[in-house]
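A.B. asks: Sharing a structure with you now.
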Amino acid sequence: MTDAAPSSISGSSYERLFDIPIGPQHPALKEPALLTLKVEGEYVVGVAVDVSYNHRGMEKAFEYRTYVQNLYLAERVCGICNVAHTLTYCLAVERAHDKDVPARAVYLRLILQELGRIQSHIIWLGVAAHEIGFDTFFMYSWLDREPILDLIEEMTGNRITTSYNIIGGVRREISDALVEKMRRAMDHLDERTKYYLKLVQNERSIRIRTQGIGILTPNDVISCSAVGPTMRASGVAADVRADDPYSGYDTVPFNVITRPEGDSYARIIARIEEMAESAKIIRYCLDHLPTGPILTRLPRRVPAADVLIRVEAPRGELCHFLRSDGSDKPYRYRVRTPTFANLPALARMLTSTGGRAVNIADVPPILASIDPCFACCARVEKVK
């Protein structure tokens, strides 16, 4: 995938362009990927992105496992977004059955989904601070992630791969004590998000490294089909939770967070404000949590159907496609992750910032600003 912008250096010639590889193993990358930057002096004028270094054959593996076994495969597409993946998988299977889950299970799923969004955004905030060179902020934010992981562990039994969503509902109940603990944790989170906003808005080193850097205009968002906070930080108010509600989001009031600037700074602010909005959603669900069962038993064999489900994962729109044939295993399963959708936008940001060429030193914060998960991308292999 390539995108190029005219060089800002007059009188340049093609012979002055050089390729600089970042990856597949590089300190700025937490997963294997290759960004081949075409540079002229200190400026990036072109980029090629290769995310094929971690192909795990997961889509094919879905076809050889039963629907119950695939629950544990789905949540390992991405560990950080495991709740979003198992939710999307369960919704696909339930849609094929044409069955709804109990109202209490719907809200419990929603609570866990928003807890997962919060901890994912906190992870990203720390990584973004690290790429900027602000490691103190990195440590503070990851320390604040621990109480959220404690809630997830108490709710599901696990801190990361939760194994909570199951076909037909959820695996475990939630206690009254945990409900009160969640309320206190959301109050604490509100205080921390206010602190984060104040810090980002007033810390000179953050503003210098992010304001006016990695600009993505609304037209760029549409042409590159960007998703999630990357899209909303450019002023495009699109969110699957609001546009195509699922799992009870149509019954919960919340705001779609947008920012007008469209730069790396706006993507930081947008995610911090989304964390505060997630806390409001969780409070509402706790206050209106229905009574009743948490599971509807469904047959192991799934009726023949073609189902496409999309949810708003922490990084953006996540799509799962299921083709069932009436057996106890999927005939075909396909996953499109948010990072894969944001790669064209990343290429655009790396080659043009408001019409100006991007400095090499700006590449790490721009790359981090889309919250990349490259291991999610490589699941298709083309054989000639």
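A.B. asks: Tell me, please, whether a residue that is among the aromatic types (Phe, Trp, Tyr), under 20 Å from Glu277 (Cα atoms) and surrounded by fewer than 24 Cβ atoms within 10 Å (Cβ to Cβ) can be found in the range 136-147.
C.D. replies: Yes, because at least one residue in the range 136-147 is among the aromatic types (Phe, Trp, Tyr), under 20 Å from Glu277 (Cα atoms) and surrounded by fewer than 24 Cβ atoms within 10 Å (Cβ to Cβ).
A.B. asks: Among Ala304, Ala345, which is the only one that is modelled with pLDDT under 95, touching an Asp or Glu at 6+ places or on another chain (Cβ under 9 Å) and among the aliphatic types (A, V, I, L, M)?
C.D. replies: Testing whether each residue is modelled with pLDDT under 95, touching an Asp or Glu at 6+ places or on another chain (Cβ under 9 Å) and among the aliphatic types (A, V, I, L, M) leaves just Ala345.
A.B. asks: Search the range 127-139 for residues that are over 20 Å from Glu31 (Cα atoms) and pair each with any residue that is of a type in the set (Gly, Ala, Ser) and assigned to a helix (DSSP H, G or I) when their beta-carbon atoms are under 7 Å apart and the residues are at least 6 apart or on different chains.
C.D. replies: Within 7 Å, the pairs are Phe134/Ser205; Phe137/Ala129.
A.B. asks: On to the next question. Kindly indicate the residue of the range 140-165 that is assigned to a loop (DSSP other than H, G, I, E, B) and without any contact (Cβ under 8 Å) to a residue 60 or more places away in the chain and also nearest to Ser264 (Cα to Cα) among those meeting that condition. Break it down stepwise before answering.
C.D. replies: To start, the set of residues in the range 140-165 that are assigned to a loop (DSSP other than H, G, I, E, B) comprises 157-164.
From the residues that got through so far, the ones that are without any contact (Cβ under 8 Å) to a residue 60 or more places away in the chain too are 157-159.
Numbers: Gly157: 36, Asn158: 33, Arg159: 29 Å.
The qualifying residue nearest to Ser264 (Cα to Cα) is Arg159.
A.B. asks: Collect the residues in the range 71-91 that are at pLDDT 95 or above and surrounded by fewer than 24 Cβ atoms within 10 Å (Cβ to Cβ), keeping them in residue-number order.
C.D. replies: Selection gives Leu91 alone.
A.B. asks: Restricting the search to the range 208-266, which residues are of a type in the set (Ser, Thr, Tyr), surrounded by fewer than 21 Cβ atoms within 10 Å (Cβ to Cβ) and in a loop (DSSP other than H, G, I, E, B)?
C.D. replies: Thr217, Ser225, Tyr246, Thr258
A.B. asks: Residues being in contact (Cβ under 8 Å) with a residue 60 or more places away in the chain, within 29 Å of Val227 (Cβ to Cβ) and in contact with a strand residue (DSSP E or B) (Cβ under 6 Å, 6 or more places away or on another chain): count how many of those fall in the range 277-307.
C.D. replies: 3
A.B. asks: Looking only at strands (runs of 3 or more DSSP E) that fall completely inside the range 294-339, which ones have 2 or more residues that are in contact with a helix residue (DSSP H, G or I) (Cβ under 7 Å, 6 or more places away or on another chain) and under 24 Å from Glu277 (Cα atoms)? Lay out the reasoning, then the answer.
C.D. replies: Working: elements: 305-313, 316-324, 330-336.
The strands (runs of 3 or more DSSP E) meeting that bar are 305-313, 316-324.
A.B. asks: What number of residues within the range 166-207 are over 26 Å from Gly126 (Cβ atoms) and assigned to a loop (DSSP other than H, G, I, E, B)?
C.D. replies: Final tally of qualifying residues: 7.
The values are calculated or read from the model by the stated rules, or taken from the named source; none is laboratory data. Computed from a prediction, not measured in an experiment: that's the story for all the values here. Glycine gets a Cβ as well: all are built from the backbone with ideal geometry, and neighbour counts include every protein chain shown.
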